[in-house]
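Student: Pasting a structure here, questions to come.
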Amino acid sequence: MQKISVSGPAELVTIVPFHLGFQPERSVVAICLRDRAVGLVARIDVVGGPHAAEAAAQLTETIRRDGPTAVALVSYESRPGEARPLAAALGAALGLAGIPVSEDLVIRAGRWYCLKVDDCPEDGQDLPAPADVPAVAGYVALGRAVLADRKTMEALVRPARAGADEARVGLAVERWRRSYHAALRHQSMRSLAGERVEPDAGGNPGDRPRTWDVLADECFSAWGALLDDEEPADLDSLLPALVGPLDDKNLRDALIAWLCPGWLAAGDVDDRVRGRLNALGSPVGQPGQGEQTLADHESAPDVDDFPCEDRRVEHALEALCRATPTRFAAPVLTIAASHAWWRGDGTKAGMCVDLALAIEPQHKLARLMRLGLDHGLRMPAA
């Protein structure tokens, strides 16, 4: 793992967009520090005076769990003073919690201002060029880039099918899903009857329904193909097998456990599913875990928690989210959220969960993840 340290307020304000993954606007960012090392980084939208104390109290509880030695506050404003009620409330709440605020900084119109130091220029200073800040190199090594804004980042995972194209692909997914659940019911009935459940053999395959084993093999083969090539040229042909079985919670959870080692104990995954996934090999490099987002804020974890690996799996899951018809996308988004959470990318995890809940407000896994993110918890079992 690569460790990110900063020296002075100019470096601090430069790394914030790299840590979040996008350029913040009209918000307050709290940066937890352990000496000079960056810990939890949390962003909250600017709110008016009546709501500032409530928002500050919720964020302070999450910061307290991180155990920082100090916190730096960076406010992003489009007009002078608009973030002060929230920043002041957060500073007061942190003080009551025994957490010192080491820096109180403001970013506005390409300049930064410091409010705690008497000798800072009243008209502020130009933001440093990222190339002039050594700490930025650490983020570049971790594959972190700065997108224009939060909406641009959200577009990476937002389902993008529309019109006739969405209907065509959705029909193929629905047909595959029906075949899968028919096979799953048939398998369960045979198991209850005490029969051995084997793949059908002999005869003309077109003369009989496909068994669960055949469909499971097709599903995991499609997942292997997806992760081998980030965004396969034939993604549409793979999509029914990738997405169709994901309302089977056992299979979905097994996929998450495979993508996010440590998420589930081996004994919690069906033996036949685990065997098929093990045959595909590991899709990931070093495991990671992070501390995560709040309901209407985002937080990013300690940079030390980001795995120094390529972004192949992340990019493949983003492509799958965009390609999936909206009505089938909630389980896909929860898988992408789980992988982001496991990697330590709380911002993206929160975006995926919120999109999933917008599609299926009662989706149980998405709701549980949202609750965990709201309270700054680490990924379960990670």
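Student: Hey, rough spin-label estimate for Thr152 and Arg79, points 7 angstrom out along Cα→Cβ, what's it come to in nanometres?
Tutor: Output for this residue pair reads 2.6 nm.
Student: Could you work out how much longer the chain between Ser282 and Glu25 gets when fully extended? Use 0.36 nm per residue separation minus the Cα distance between them, nm to one decimal.
Tutor: Separation in residues times 0.36 nm, less the Cα-Cα distance, equals 88.7 nm.
Student: Label Arg175 and Ala358 with points 7 Å out from Cα along Cα→Cβ: what is the distance between them in nm?
Tutor: Modelled inter-label distance: 3.1 nm.
Student: Right, here's the next one. Using θ = phi - 60° and the Karplus curve 6.51 cos²θ - 1.76 cosθ + 1.60, what whole-Hz ³J(HN,Hα) does each residue of segment 92-109 get, with Gly and Pro shown as x?
Tutor: For segment 92-109, the Karplus-derived couplings read 5, 5, 5, x, 5, 7, x, 10, x, 9, 7, 9, 10, 10, 10, 10, 7, 6 Hz, x marking Gly and Pro.
Student: Once fully extended, how much extra length lies between Ala265 and Arg327, figured as 0.36 nm per residue of separation less the alpha-carbon to alpha-carbon distance?
Tutor: Details: separation 62, 0.36 × 62 = 22.32 nm, distance 3.04 nm.
Extending this stretch completely gives an extra 19.3 nm.
Student: If you don't mind, there's one more thing I want to ask. Apply the Karplus parameterisation 6.51 cos²θ - 1.76 cosθ + 1.60, with θ equal to phi minus 60°, to every residue of segment 17-27 and state each ³J(HN,Hα) to the nearest whole Hz, in sequence, with x for glycine and proline.
Tutor: x, 5, 6, 7, x, 8, 7, x, 9, 6, 7
Student: Give me the accessible area of Ser221, 1.4 Å probe, in Å² rounded to the nearest 10.
Tutor: 70 Å²
Student: Further, regarding this structure: Would you mind telling me the share, in percent, of accessible area of segment 130-184 contributed by carbon and sulfur at probe 1.4 angstrom? Numbers along the way, then the final one.
Tutor: Values: 1740 of 2920 Å².
After summing per-atom areas, the C and S share lands at 60 percent.
Student: Using only Cα atoms, locate the centre of segment 91-139 and the centre of segment 22-81, then give the distance between them in Å, rounded to an integer.
Tutor: 12 Å
Student: Given a 1.4 Å probe and the protein chains all in place, what does the accessible area of Thr69 round to, in Å² to the nearest 10?
Tutor: 80 Å²
Student: Dipole of segment 40-156, Cα-centred, from +1 at each Lys and Arg C-beta and -1 at each Asp and Glu C-beta, to the nearest 20 debye?
Tutor: Details: 11 positive and 16 negative charges, 77 e Å.
Here segment 40-156 has a charge dipole of around 380 debye.
Student: Still on this structure, I have one more. Probe 1.4 Å, all protein chains in place: accessible area of Asp268 in Å², nearest 10?
Tutor: Asp268 exposes around 110 Å² with every protein chain in place.
Student: Hey, can you grab everything whose amide H is under 5 Å from the amide H of Leu147? Only 5+ residues off in sequence or another chain; H modelled, so Pro and N-termini drop out.
Tutor: Phe22, Gln23
Student: Could you state the accessible area per residue of segment 120-166 in Å², with a 1.4 Å probe and every protein chain left in place? Can you show the working numbers first?
Tutor: Working: 2700 Å² over 47 residues.
I get 57 Å² per residue for segment 120-166.
Student: Work out, step by step, the length gained on full extension between Ser221 and Asp234: first 0.36 nm times the residue separation, then minus their alpha carbon distance; give nm to one decimal. Don't skip to the answer; put the middle values down first.
Tutor: Numbers: separation 13, 0.36 × 13 = 4.68 nm, distance 1.33 nm.
Gain on extension, Ser221 to Asp234, equals 3.3 nm.
Student: Next question, about the same structure. Return the FRET efficiency for the residue pair Ala37, Ser188: r is the Cβ-Cβ distance, R0 is 35 Å, and the value is rounded to the nearest 0.05.
Tutor: Values: r = 52 Å, r/R0 = 1.48.
Efficiency for this residue pair is about 0.10.
The values are calculated or read from the model by the stated rules, or taken from the named source; none is laboratory data. Just so we're clear, the structure is a prediction, and the values are computed from it rather than from any experiment. Cβ: placed from backbone, ideal geometry, glycine included. Neighbour counts: every protein chain shown. Only protein heavy atoms, including side chains, enter the accessible area calculation; ligands, DNA and RNA are left aside. Shrake-Rupley method; radii C 1.70, N 1.55, O 1.52, S 1.80 Å.
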